[in-house]
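Enquirer: Shown below is the structure under consideration.
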Amino acid sequence: MPSPAELTLWLLTALVEAFAVYLFLVQRLFRKFMLLTLYLLLCAIITASRLAVFYYFGSYSSEYAYFYYFSDSLLTVFLFLSISELSLRLLGTRVYRKNIVRGCAAALLVAAVISFSNASSSSDKLLARFVIELSQNLYLASGLAIAALWVWKCFNEPEDRIAARCVSVLIVSSSTVMLIYELLQRAPQISHNSVVASMMAVWVPLGCGFAAVSQDQPPHPKP
């Protein structure tokens, strides 16, 4: 059973994700950031669904494990698509849009091929293994893509301020998750802190929601 702090963060995450979707809708940003909005909506639905599956079947059940990994793979795919959408908004007219779309499609295809190749070596549960491999490879690709966008943003003036703020939010989340993963790999005796992971899950919709409502105001006329 989760601790009261973990349960609170779990419920808070779902509420913040749903509220972030609401902010994008009321700010009329859905058409501009459709994939990002759908990603946040999917996060809210899956977070609530995981809690329901957890209580109904238990954390050590095969039902919860399958639901977790399949939903995680779906979220990672939408995260990658959202980052691709942010790259189009951030780079604007400075890069040919078709080149960005082709590059993102190629990265998605390569990740799928590598994941299937790695999963095919497994003797059983090919689909489950493929889903896990795809989630890991796409998350790595997403981390590299968001890092590249953040570096580009630091040396160039972005054409879309909201996209730039969302990139800053995602680079903090991606860097923290990868740092924790590397720490666990180097020191496996350290137990994974699910509270920290939940806080990072809250950080993304909270930061993106703030970016949606903090649109630049026109400058005041000089007296």
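Enquirer: Counting only residues that are surrounded by fewer than 20 Cβ atoms within 10 Å (Cβ to Cβ), in contact (Cβ under 8 Å) with a residue 60 or more places away in the chain and among the polar types (S, T, N, Q), how many does segment 135-168 have?
Expert: Total satisfying the criteria: 1.
Conditions (1) open to solvent by 30 Å² or more (accessible area, probe 1.4 Å); (2) on the phi > 0 side of the Ramachandran plot; (3) not in a helix (DSSP H, G or I), marked per residue:
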| site | (1), (2), (3) |
| --- | --- |
| L36 | no, no, no |
| I46 | no, no, no |
| Y55 | yes, no, no |
| S59 | yes, no, yes |
| E63 | yes, no, no |
| F67 | yes, no, no |
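Enquirer: Something else now. Restricting attention to segment 177-212, which residues are modelled with pLDDT of 80 or more and either open to solvent by 40 Å² or more (accessible area, probe 1.4 Å) or closer than 25 Å to R31 by Cβ (or both)?
Expert: Answer for segment 177-212, where residues must be modelled with pLDDT of 80 or more and either open to solvent by 40 Å² or more (accessible area, probe 1.4 Å) or closer than 25 Å to R31 by Cβ (or both): W203, V204, P205, L206, G207, C208, G209, F210, A211, A212.
Enquirer: On to the next question. Would you say R89 is at pLDDT below 85, open to solvent by 50 Å² or more (accessible area, probe 1.4 Å) and under 22 Å from L38 (Cβ atoms)?
Expert: Considered against the rule, which asks whether it is at pLDDT below 85, open to solvent by 50 Å² or more (accessible area, probe 1.4 Å) and under 22 Å from L38 (Cβ atoms), R89 comes out as no.
Enquirer: Can you tell me which residues in segment 16-34 are in contact with a helix residue (DSSP H, G or I) (Cβ under 8 Å, 6 or more places away or on another chain) and in a helix (DSSP H, G or I)?
Expert: Here is the first cut: in segment 16-34, the residues in contact with a helix residue (DSSP H, G or I) (Cβ under 8 Å, 6 or more places away or on another chain) are 16-21, 23-25, 27, 29-30, 32-34.
Scanning segment 16-34 gives V16, E17, A18, F19, A20, V21, L23, F24, L25, M34.
Enquirer: Suppose the filter is open to solvent by less than 40 Å² (accessible area, probe 1.4 Å), in contact (Cβ under 8 Å) with a residue 40 or more places away in the chain and part of a helix (DSSP H, G or I); does A111 pass it?
Expert: no
The values are calculated or read from the model by the stated rules, or taken from the named source; none is laboratory data. This one's a predicted model, so the numbers in the text were calculated from it and none came from an experiment. Cβ coordinates were reconstructed from backbone atoms using ideal geometry, including for glycine residues, and neighbour counts include every protein chain displayed. When the accessible area is computed, the model is the full protein with side chains, heavy atoms only, and any ligands, DNA or RNA have been set aside. Shrake-Rupley method; radii C 1.70, N 1.55, O 1.52, S 1.80 Å.
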